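Participant: Mind having a look at this structure? Questions to follow.
The values are calculated or read from the model by the stated rules, or taken from the named source; none is laboratory data. Small disclaimer: the values here were computed from a predicted structure and weren't measured. When we count neighbours, we look across all protein chains shown, and the Cβ atoms used for this are built from the backbone with ideal geometry, even at glycine. When the accessible area is computed, the model is the full protein with side chains, heavy atoms only, and any ligands, DNA or RNA have been set aside. Shrake-Rupley method; radii C 1.70, N 1.55, O 1.52, S 1.80 Å.
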Amino acid sequence: MTISLSQIETELQTLQQEAKAAIAQTASLDILEQLRVNYLGKKGKLSLILRGMGQLSAEDRPRIGSSANEVKEALQTQLDQQYQVLQTAQIQAKLASETLDVTLPGVSRPLGRLHPLNSTVDKMLDIFVGLGYAIATGPQVETDYYNFEALNIPADHPARDMQDTFFLSDGRLLRTHTSPVQIRYMETHTPPIRIVAPGRVYRRDTVDATHSAVFHQVELLAIDQNLTFTDLKGTLKEFLRQMFGAELPVKFRASYFPFTEPSAEVDVLWKGKWLEVMGCGMVDPNVMKAVGYDPEVYTGFAAGFGVERFAMVLHQIDDIRRCYNSDLRFLRQF
């Protein structure tokens, strides 16, 4: 069947009139999209009409092409206009159904605060991370090996008397310090190592204004070639400078810890008084051997300090028990 030029032009005019009427009567965005596909889609009515262009002469095809473009542009313009009309109406209807009375008083919720122990730990970790240390953690229920033996504290060592321990029925124990984290980390990593280990620890102690059976520690460990006590002193002095916000006099006193040799206690002059703030030392060769490091190749230093002591000094807290009794009158000060 041969299709003539006039027949295609008539079909285009009829299509345009039919589409305009349908678009004008549409009251839904979904239906409007269906109309667009039905009339202007790849398989729409306009495409079906234009398939007949192949039967026209070469002189007539440009004329039909031009007419088809005019129809398409006119319908697309009407579709866009109707879309704006329907979208605006939809928004207005939604606003009307979800009216908000802005004169009503707002509903507020009380803002929380960081506990002074948490904020102290955060500050400590920020300092050490800034110095290039990674954060390491470990279990609070430990074995005798990790808590004592691997740290050069055998079963008959008198240092065990310095740490009254909570033992469990299965032979395990509540860790008395965060040093086991260092052992576990060294077993699975090779030097160089720089870690800081925060966490809760437990010792059977009489609770009073300055002692608690449950408290928090932060310990640091650095293992590398050619590390010296001078590196340890420089690291701790920088930590204390940032922690206290000033360059304070620092004193290192000879001391004893089974897992470091030599060992020292660190004092800082704060408000006219010398305060003992931490213990430290060079990692004992026996600890190196326990994790498979060659003490002839590597050296290291470690330090440990109590979070509660720093929090009490910095915030002028007079009783350690205030940190644990959840008294809002106390906590709202921070």
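Participant: May I ask you to list the residues in the range 145-159 that are under 19 Å from E219 (Cα atoms), open to solvent by 10 Å² or more (accessible area, probe 1.4 Å) and in a helix (DSSP H, G or I)?
Facilitator: Here is the first cut: in the range 145-159, the residues under 19 Å from E219 (Cα atoms) are 145-153, 159.
From what is left, the residues that are open to solvent by 10 Å² or more (accessible area, probe 1.4 Å) are 145-146, 149, 152.
Y145, Y146, E149 - these are the residues of the range 145-159 that are under 19 Å from E219 (Cα atoms), open to solvent by 10 Å² or more (accessible area, probe 1.4 Å) and in a helix (DSSP H, G or I).
Participant: Looking at (1) under 20 Å from E308 (Cα atoms); (2) at pLDDT below 90; (3) of a type in the set (S, T, Y), find the lone condition where T137 falls short.
Facilitator: (2)
Participant: Which members of the range 167-218 meet the condition of being closer than 30 Å to V297 by Cα, among the aliphatic types (A, V, I, L, M) and in a strand (DSSP E or B)?
Facilitator: Hits for the range 167-218 are I193, I195, V196, A197, V218.
Participant: Do you know which of the residues in the range 100-134 that are among the hydrophobic types (A, V, I, L, M, F, W, C) and open to solvent by 70 Å² or more (accessible area, probe 1.4 Å) is modelled with the lowest pLDDT? Talk me through it step by step, then tell me what you get.
Facilitator: Of the range 100-134, the ones among the hydrophobic types (A, V, I, L, M, F, W, C) are 100, 102, 104, 107, 111, 114, 117, 121, 124-125, 127-129, 131, 134.
Next, from what is left, pick out any that are open to solvent by 70 Å² or more (accessible area, probe 1.4 Å): 100, 102, 104, 107, 111, 114, 129.
Values: L100: 71, V102: 76, L104: 80, V107: 84, L111: 81, L114: 90, V129: 96.
Among residues in the range 100-134 that are among the hydrophobic types (A, V, I, L, M, F, W, C) and open to solvent by 70 Å² or more (accessible area, probe 1.4 Å), the one modelled with the lowest pLDDT is L100.
Participant: Tell me whether the range 81-98 contains one or more residues that are closer than 21 Å to Q13 by Cβ and free of Cβ contacts under 8 Å to residues at least 60 places away in the same chain. Spell out how you get there, then give the answer.
Facilitator: As a first pass, look at the range 81-98 and keep what is closer than 21 Å to Q13 by Cβ: 81-82.
Restricting the remaining residues to those that are free of Cβ contacts under 8 Å to residues at least 60 places away in the same chain gives 81-82.
Yes: the range 81-98 contains one or more residues that are closer than 21 Å to Q13 by Cβ and free of Cβ contacts under 8 Å to residues at least 60 places away in the same chain.
Participant: Go through the range 295-323 and give me each residue that's surrounded by 14 or more Cβ atoms within 10 Å (Cβ to Cβ), out of contact with any Gly (no Cβ under 8 Å at 6 or more places or on another chain) and either outside any helix (DSSP H, G or I) or among the polar types (S, T, N, Q) (or both). Don't jump to the end; show me each part of the working.
Facilitator: Let us first name the residues in the range 295-323 that are surrounded by 14 or more Cβ atoms within 10 Å (Cβ to Cβ), namely 295, 298-315, 317, 320-323.
With out of contact with any Gly (no Cβ under 8 Å at 6 or more places or on another chain) added as a condition, the list becomes 295, 298-300, 306-315, 317, 320-323.
If the condition is that a residue be surrounded by 14 or more Cβ atoms within 10 Å (Cβ to Cβ), out of contact with any Gly (no Cβ under 8 Å at 6 or more places or on another chain) and either outside any helix (DSSP H, G or I) or among the polar types (S, T, N, Q) (or both), then P295, Y298, T299, G300, G306, I317 are the ones that fit.
Participant: Quick check on this structure: which one of A246, A222 is closer than 25 Å to H189 by Cα and not in a helix (DSSP H, G or I)? Please lay out each step first, then the result.
Facilitator: Values: A246 fails: closer than 25 Å to H189 by Cα.
Going through A246, A222 in turn, just one is closer than 25 Å to H189 by Cα and not in a helix (DSSP H, G or I): A222.
Participant: Quick check on my filter: what residues within the range 269-289 are touching a residue at least 40 places away in the same chain (Cβ under 8 Å), over 30 Å from P249 (Cα atoms) and surrounded by fewer than 19 Cβ atoms within 10 Å (Cβ to Cβ)?
Facilitator: The one that is touching a residue at least 40 places away in the same chain (Cβ under 8 Å), over 30 Å from P249 (Cα atoms) and surrounded by fewer than 19 Cβ atoms within 10 Å (Cβ to Cβ): N286.
Participant: To continue, here is another question. Filter the range 240-251 down to the residues that are open to solvent by less than 50 Å² (accessible area, probe 1.4 Å) and touching a strand residue (DSSP E or B) at 6+ places or on another chain (Cβ under 8 Å) and list them by number. Show your work before the answer.
Facilitator: Keep residues of the range 240-251 that are open to solvent by less than 50 Å² (accessible area, probe 1.4 Å), which gives 240, 243-244, 246, 248, 250.
L240, F244, L248, V250 - these are the residues of the range 240-251 that are open to solvent by less than 50 Å² (accessible area, probe 1.4 Å) and touching a strand residue (DSSP E or B) at 6+ places or on another chain (Cβ under 8 Å).
Participant: So which residues in the range 265-302 are among the aliphatic types (A, V, I, L, M) and more than 14 Å from L220 (Cβ to Cβ)? Spell out the reasoning first.
Facilitator: First pass over the range 265-302, keeping only residues among the aliphatic types (A, V, I, L, M): 266, 268-269, 275, 277-278, 282-283, 287-288, 290-291, 297, 302.
Passing the criteria: V268, L269, L275, V287, M288, A290, V291, V297.
Participant: Could you pull out the residue among Y185, Y202, Y256 that is touching a Ser or Thr at 6+ places or on another chain (Cβ under 9 Å), buried (at least 16 other Cβ atoms within 10 Å of the Cβ) and either of a type in the set (S, T, Y) or over 25 Å from N118 (Cα atoms) (or both)? Step through it out loud before you land on a result.
Facilitator: On the way: Y185 fails: touching a Ser or Thr at 6+ places or on another chain (Cβ under 9 Å); Y256 fails: buried (at least 16 other Cβ atoms within 10 Å of the Cβ).
From the options Y185, Y202, Y256, the qualifying one is Y202.
Participant: Mind checking whether some residue in the range 159-166 is at pLDDT 95 or above, in contact with a Leu (Cβ under 9 Å, 6 or more places away or on another chain) and farther than 22 Å from D122 by Cα? Steps first, please.
Facilitator: Let us first name the residues in the range 159-166 that are at pLDDT 95 or above, namely none.
No; the residues of the range 159-166 include none that is at pLDDT 95 or above, in contact with a Leu (Cβ under 9 Å, 6 or more places away or on another chain) and farther than 22 Å from D122 by Cα.
Participant: Taking only the range 234-277 into account, find how many residues are in contact with a helix residue (DSSP H, G or I) (Cβ under 7 Å, 6 or more places away or on another chain) and closer than 19 Å to T178 by Cβ.
Facilitator: Summing the residues that are in contact with a helix residue (DSSP H, G or I) (Cβ under 7 Å, 6 or more places away or on another chain) and closer than 19 Å to T178 by Cβ in the range 234-277 gives 6.
Participant: A further question on this structure: V268 is checked against (1) farther than 26 Å from N118 by Cβ; (2) under 34 Å from the mean Cα position of the chain (by Cα); (3) hydrophobic (A, V, I, L, M, F, W, C) and fails just one. What number does that condition carry?
Facilitator: In the conditions (1) farther than 26 Å from N118 by Cβ; (2) under 34 Å from the mean Cα position of the chain (by Cα); (3) hydrophobic (A, V, I, L, M, F, W, C), V268 misses (1) alone.
Participant: Another one. Kindly list the number of the only condition in (1) open to solvent by 70 Å² or more (accessible area, probe 1.4 Å); (2) touching a residue at least 12 places away in the same chain (Cβ under 8 Å); (3) within 19 Å of D205 (Cα to Cα) that fails for F167.
Facilitator: (2)
Participant: Can you tell me which residue in the range 205-234 is most open to solvent (accessible area, probe 1.4 Å), limited to those that are of a type in the set (V, I, T) and within 18 Å of E265 (Cα to Cα)? Spell out how you get there, then give the answer.
Facilitator: Quick first cut of the range 205-234, residues of a type in the set (V, I, T) only: 206-207, 210, 214, 218, 223, 228, 230.
Imposing the further condition that a residue be within 18 Å of E265 (Cα to Cα) reduces the set to 218, 228, 230.
Values: V218: 0, T228: 62, T230: 103 Å².
So, considering only residues that are of a type in the set (V, I, T) and within 18 Å of E265 (Cα to Cα), the one most open to solvent (accessible area, probe 1.4 Å) is T230.
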